[in-house]
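Notes follow once the structure below has been shown.
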Amino acid sequence: MQRILLAGFGGQGILFAGKFLAYMGLHDEKEVSWLPSYGPEMRGGTANCSVILAEENIGSPIVSTPDILICMNLPSMDKFEPAMEKGGLLLYDSSLITRQPEREDIKGFGIPATQMASDHEMPTLANVIMLGKTARETGLCDLSTAEGVMRKIVPEKKQKLLGANLKALALGYEYQ
């Protein structure tokens, strides 16, 4: 079972990223749970999303001790890092979070997703860059599978953005 928590500000694409991870689980024929949580603000408030991928039935959709934590801002890292499972994986946007993980019993990866998105003229796709890095570091799927899932979840009305989403996914996946 993989318990994943994604967290950041509203408007950073946290819920979309969680949806992507849930669809990856469906692609692998796993049991899946996707539970969004966000503040009342349209943009700038808090947003987090719990995703569970499992071979067996999922008893509760709540992720209180994540194995994988994806943070898009410092308040989220401050709040959720202490709750992580020992040996867990923390991926964070090092463009917005300048400190290193404090825990020594987890593995941390910083990726300058916001800066990379800006440099490649896709400022709203830092979340997708983070997904690419997550796919690679967790082994959840290879890039080809991730691209196939992305093709399925980008809505019909946003198909013009598919190319940019695929590019952002590859940027994150290939980031060293």
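The values are calculated or read from the model by the stated rules, or taken from the named source; none is laboratory data. Only a predicted model underlies this, so the values are computations on that prediction, with no experimental measurement involved. Don't worry about glycine lacking a Cβ; one is built from the backbone with ideal geometry, like all the others, and counts go over all protein chains shown. For the accessible areas, the whole protein counts, side chains as well, though only heavy atoms, and no ligand, DNA or RNA atoms are used. Shrake-Rupley method; radii C 1.70, N 1.55, O 1.52, S 1.80 Å.
Got a sec to turn the phi values of region 52-65 into Karplus ³J(HN,Hα) couplings, 6.51 cos²θ - 1.76 cosθ + 1.60 with θ = phi - 60°, whole Hz, x for Gly and Pro?
For region 52-65, the Karplus-derived couplings read 10, 10, 8, 7, 10, 4, 9, x, 9, x, 7, 9, 9, 10 Hz, x marking Gly and Pro.
On a 27 Å Cα-Cα criterion, which of the cross-link pairs Lys30/Lys152; Lys19/Lys79; Lys19/Lys158; Lys107/Lys158; Lys30/Lys107 come out too long? It would help to have the intermediate numbers written out before the result.
Details: Lys30/Lys152 17 Å; Lys19/Lys79 22 Å; Lys19/Lys158 16 Å; Lys107/Lys158 35 Å; Lys30/Lys107 25 Å.
Exceeds cut-off: Lys107/Lys158.
Loop only by DSSP, 14 or fewer other Cβ within 10 Å of the Cβ. Give me the GluC sites (Glu not before Pro) in region 92-175 that pass, ordered by residue number.
Counting only loop positions with at most 14 other Cβ atoms within 10 Å, the GluC sites (Glu not before Pro) in region 92-175 are Glu102, Glu104, Glu121.
When N counts the residues of the chain, how does its alpha-carbon radius of gyration compare numerically with 2.2 N^0.38 Å, as a ratio? Could you put the intermediate results ahead of the total?
Values: Rg = 14.8 Å, N = 176, 2.2 N^0.38 = 15.7 Å.
The reported ratio for this selection is 0.94.
Given H placed 1.01 Å from N in the peptide plane, which residues other than close sequence neighbours of Gly108 have an amide H under 5 Å from its amide H?
Here Leu90 satisfy the definition.
Per residue of region 27-37, in order, report the coupling 6.51 cos²θ - 1.76 cosθ + 1.60 (Karplus, θ = phi - 60°) as ³J(HN,Hα) in whole Hz, putting x for Gly and Pro.
4, 8, 6, 9, 6, 9, 10, 9, 10, x, 8
With every protein chain present, what is the per residue accessible area of the chain (1.4 Å probe, Å²)?
Accessible area per residue, the chain: 50 Å².
What list of ³J(HN,Hα) couplings, whole Hz, do you get for region 158-164 from phi and the Karplus terms 6.51, -1.76, 1.60, once you set θ to phi - 60° and write x for glycine and proline?
10, 4, 5, 8, 4, x, 5
Search the structure for amide H atoms under 5 Å from the amide H of Gly10, placed 1.01 Å from N in the peptide plane, and list their residues when 5 or more places away or on another chain.
Gly44, Gly45, Thr46, Ala47
Can you find, among Pro155, Gly18, Ile68, the residue farthest towards the positive end of the dipole of the chain? Put +1 on the C-beta of Lys and Arg, -1 on that of Asp and Glu.
Pro155
List the aspartates and glutamates whose Cα lies under 12 Å from the Cα of Lys86, skipping any in the same chain that are fewer than 8 positions away.
Asp67, Glu104, Asp105
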